[in-house]
Amino acid sequence: SSPHLVQVRERIRINGQPISKDLFNKYFWLVYNRLEETKDPVHASMPAYFRFLTIMAFHVFLQEKVDLAVVEVGIGGTYDCTNIIRAPVVCGVSSLGIDHTSILGDTMEKIAWQKGGIFKPGVPAFTVAQPERPLEVLRERAQERKCPLYLCPELDDFEEGCRALELGLAGAHQRSNAALALQLARMWLERRGCQALGELKEVPPSTELVGRPVPVAPAFRLTDAMIQGLRDTEWLGRTQVLSHGPVTWYLDGAHTTSSIQACVRWFRQAALNQDKPHDGSEVRVLLFNATGDRDTAALLKLLVPCHFDYAVFCPNFTEVSVANNADQQNFNVTLENALTRCLENQRTWTTLLEEKVGQDPWLPSPLWVGGLLQPAPTRGSLLLVPPAPRPLNSPALVFPCLAQALQWVAQGRDPHLAAPTASGAHPHPAASSGAVLLREAAIVRVLVTGSLHLVGGALRLLDPALSQ
């Protein structure tokens, strides 16, 4: 699976556990040296990062003799380097969203065409409820490739006559993911000769799929192991809550409009519906970054209704210097580029809040401040605030790395994080008054979202055990 959150070994797992450092080291050099020895002397080049790890993952699974490999496509499907498996047991397409538009296309139909590229002749494929046109595209791709395609029944259909299923992952959208997972697992179990799992209604080869709805696969009786599997599922960085004393971190790697919408629904349920503290204030902080060609204005607009007191923007670098942290490095992005993006996000957020103040008669009229803080060379810390006028009661701040952003938010109240040093104090009124509020609040609720890499970097700092 990709990307990883904290360590690259997370991408290659056996029995749910990332392979050991020794095993990773062994297979990395084995594959690297073999490719180095056999590469074309004229067009000498090694596979790019993701391709190399894909080759390595296949090699690990073959050498370790796994019974079943679950392979997540990198981007799209048709041209993805994972799509070389000629006869998988089964294929699945989860809920479609707009992402990676520069590679996959800028409409759901174009993206559906790319996703349908994983369909294989005679290999059953499953998908979940999709908008009408993208579903038609998937159906056409299935027909082209002589692939029997089915819709998963709703999770409700599995619950008829038995107790409600409990999901380990929060959010209503996880119900369709669970239904898809059940169908994929059932196909594998059927291949292994397991009984009493419900029969699929095969579509005769002569039946035209075009112009007809995609047939719905029958629900089946779940085994105790399946019920337990759904209940015990954990996925770091997705609807994850870390309670560290008065500071509660809500982490979700959402990075598309549909996933941010789901994130907002979850955050409101998990954090904003909680009782307000009797003995003090509650401060809400958004920590956000987005990468690639994503429309950050559209993502940020969806987060405004959560009424954050502070919005903090920073790159996905855990420290300003990433020399000692190879797992978090991205050689495609410079710190300067990343900070420029953060400043754009900060301006966007400020504009969105100004628009909201203009629309909402209940919001107090803002206090206007301005000015750009230039860091002193000896300060060792950098804080950027918008040069344009903005409401002081909803400040947007930019930090150069995650460590400084998290330290400012936590103000020494999270036992896992060091307190901000005196030399890194921020004299600007927005940062200084915010620090006082954060130190005195009974509860600080922080939503970290917009990028899986951002969430991964935050987890690295908030849960050091994950780096072991």
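The values are calculated or read from the model by the stated rules, or taken from the named source; none is laboratory data. All values derive from a computational prediction rather than experimental measurement. Counting neighbours? That spans all protein chains shown, and the Cβs are built from the backbone with ideal geometry, glycine included. Only protein heavy atoms, including side chains, enter the accessible area calculation; ligands, DNA and RNA are left aside. Shrake-Rupley method; radii C 1.70, N 1.55, O 1.52, S 1.80 Å.
The conditions are (1) under 24 Å from the mean Cα position of the chain (by Cα); (2) of a type outside the set (D, E, K, R); (3) surrounded by 12 or more Cβ atoms within 10 Å (Cβ to Cβ), and H59 fails exactly one of them. Which is it?
(1)
For the stretch 127-156, which positions are open to solvent by 70 Å² or more (accessible area, probe 1.4 Å) and among the acidic types (D, E)?
Within the stretch 127-156, E132, E140, E144, E154, D156 qualify.
Please enumerate the residues belonging to the stretch 58-90 that are outside any loop (DSSP other than H, G, I, E, B) and of a type in the set (S, T, N, Q).
Listed by number, the list holds a single entry, Q63.
Tell me yes or no: at least one residue of the stretch 399-417 is modelled with pLDDT under 90, more than 29 Å from the chain's Cα centre (by Cα) and assigned to a loop (DSSP other than H, G, I, E, B).
no
Which of the residues spanning the stretch 121-176 are farther than 25 Å from S259 by Cβ and not in a helix (DSSP H, G or I)?
Hits for the stretch 121-176 are P121, G122, V123, P124, R145, K146, C147, P148, E160, G161, C162, R163.
Got at least one residue in the stretch 356-368 being modelled with pLDDT of 50 or more and either among the aliphatic types (A, V, I, L, M) or in contact with a strand residue (DSSP E or B) (Cβ under 7 Å, 6 or more places away or on another chain) (or both)?
Yes - at least one qualifying residue is present in the stretch 356-368.
Do you know which of the residues in the stretch 65-85 that are of a type outside the set (V, I, T) and open to solvent by less than 70 Å² (accessible area, probe 1.4 Å) is nearest to F24 (Cα to Cα)?
Only one residue tops the list, namely A69.
Among the residues of the stretch 19-66, how many are in contact with a Phe, Trp or Tyr (Cβ under 9 Å, 6 or more places away or on another chain), modelled with pLDDT under 95 and over 29 Å from H100 (Cβ atoms)?
The qualifying residues number 0.
Would you check which residues across the stretch 240-263 are open to solvent by less than 20 Å² (accessible area, probe 1.4 Å), closer than 15 Å to L169 by Cα and not small (G, A, S) and list them?
Y250, L251, D252, C263
Tally up the residues in the stretch 158-170 that are modelled with pLDDT of 90 or more and either more than 16 Å from G229 (Cβ to Cβ) or not assigned by the TED database to the domain that holds L138 (or both), please.
0
Among the residues of the stretch 11-33, how many are in contact with a helix residue (DSSP H, G or I) (Cβ under 9 Å, 6 or more places away or on another chain), outside any strand (DSSP E or B) and not aromatic (F, W, Y)?
Residues that pass the stated criteria total 8.
Among what's in the stretch 268-293 and is in contact with a Leu (Cβ under 9 Å, 6 or more places away or on another chain) and among the polar types (S, T, N, Q), pick the residue that is nearest to V448 (Cα to Cα).
N289
Count, please, the residues in the stretch 95-113 that happen to be of a type outside the set (A, V, I, L, M), more than 19 Å from G292 (Cα to Cα) and in a helix (DSSP H, G or I).
Residues meeting the conditions: 2.
Restricting to the stretch 275-313, name every residue that is of a type in the set (G, A, S), open to solvent by 30 Å² or more (accessible area, probe 1.4 Å) and under 22 Å from G237 (Cα atoms).
Those that are of a type in the set (G, A, S), open to solvent by 30 Å² or more (accessible area, probe 1.4 Å) and under 22 Å from G237 (Cα atoms): G292, A298.
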